[in-house]
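Structure, as structure tokens:
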Amino acid sequence: MEGTKGRSTIIFMITLFLVLNILSMPVMAPDGNLEIVVDSTSKEVSPGEDAVFLWTAYNNDTLTSYDLSVSSEEPLEFSESTFTLEPGESHTITQTIETSPSDENNTYYFRHVKWEGTWYRGMSSGTIVPIEGVVSVTVINNTNLDENGNSGAENGEDDDNGGGSTPGFEPIFLLAAIFVILIILRKKRRKSRD
């Protein structure tokens, strides 16, 4: 009886690991022929300077066309919010995030970006799976830059989160936390049986 429970826990952990890996993969349209790429997910600018992100949509199909729309909390940031991609085409739009000249050092701007649309192939059509992402802008005061124009935040200097420009989510940490919780629950279950 004890071996069956151990195997089911292992099977659960393997399944959980596989699901987390699948969820961390890039999201594409159902047929996998639409690809959305941004030039960078984070940028550093001086106070009052604009951060410009280049979003490119690629239609890697020879038969399908797409009507696409993009949105965020600030819709006027995009050079275009809707466009059509014919088979084999690509299209680039810009997202401009304006910062204020009065921004303090290490001011952060985050934008949740969502792509939606419809695909067409002959007489068939359907809705694409929404494609979502986040971009961030960090305002760095020029007086804190070294002679090469670096802020030092890459090494953890003057950075409240201990290094790196944006705190992030790592699936491996979630997996480790779930594993610890499962062990604790298993021990409690054993104690309650005794």
Checklist outcome for this item: Those residues of segment 89-99 which are outside any strand (DSSP E or B) and either free of Cβ contacts under 8 Å to residues at least 12 places away in the same chain or of a type in the set (S, T, N, Q) (or both) amount to THR99
Item to check | Matching residues, segment 171-185, being in contact with a helix residue (DSSP H, G or I) (Cβ under 7 Å, 6 or more places away or on another chain) and modelled with pLDDT of 70 or more | outcome: ILE178, LEU182
Item to check | Output for segment 100-123, where each listed residue is surrounded by 16 or more Cβ atoms within 10 Å (Cβ to Cβ), outside any strand (DSSP E or B) and acidic (Asp, Glu) | outcome: ASP103
Next on the checklist: Tell me whether segment 75-88 contains one or more residues that are aromatic (Phe, Trp, Tyr), in a strand (DSSP E or B), in contact (Cβ under 8 Å) with a residue 40 or more places away in the chain and in contact with a Ser or Thr (Cβ under 8 Å, 6 or more places away or on another chain).
Outcome noted: no
Item to check | Unmet criterion (only one of (1) closer than 17 Å to LEU34 by Cβ; (2) under 17 Å from the mean Cα position of the chain (by Cα); (3) not in a strand (DSSP E or B)) for ASP61 | outcome: (2)
Item to check | Subset tally (residues that are among the acidic types (Asp, Glu), surrounded by 13 or more Cβ atoms within 10 Å (Cβ to Cβ) and farther than 21 Å from VAL134 by Cα) for segment 80-99 | outcome: 1
Checklist entry - Limited to segment 30-40, what total is found for residues that are surrounded by 13 or more Cβ atoms within 10 Å (Cβ to Cβ) and modelled with pLDDT under 70? => result 1
Next on the checklist: Looking for something farther than 23 Å from SER69 by Cβ, of a type outside the set (Val, Ile, Thr) and in contact (Cβ under 8 Å) with a residue 12 or more places away in the chain - is there at least one such residue anywhere in segment 131-141?
Outcome noted: yes
Checklist entry - From GLU104, GLU80, GLU116, GLU86, which residue is of a type outside the set (S, T, N, Q) and modelled with pLDDT under 90? => result GLU104
Next on the checklist: Looking at segment 20-29, can you tell me whether even one residue there is at pLDDT 85 or above, surrounded by 12 or more Cβ atoms within 10 Å (Cβ to Cβ), out of contact with any Lys or Arg (no Cβ under 7 Å at 6 or more places or on another chain) and farther than 18 Å from VAL134 by Cβ?
Outcome noted: no
Checklist entry - Restricting attention to segment 4-13, does a residue exist that is at pLDDT below 90 and either over 30 Å from ARG193 (Cα atoms) or touching a Phe, Trp or Tyr at 6+ places or on another chain (Cβ under 9 Å) (or both)? => result yes
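The values are calculated or read from the model by the stated rules, or taken from the named source; none is laboratory data. Computed from a predicted structure; not experimentally measured. Ideal geometry is used to build each Cβ from the backbone, glycine not excepted, and the neighbour counts take in all protein chains shown.
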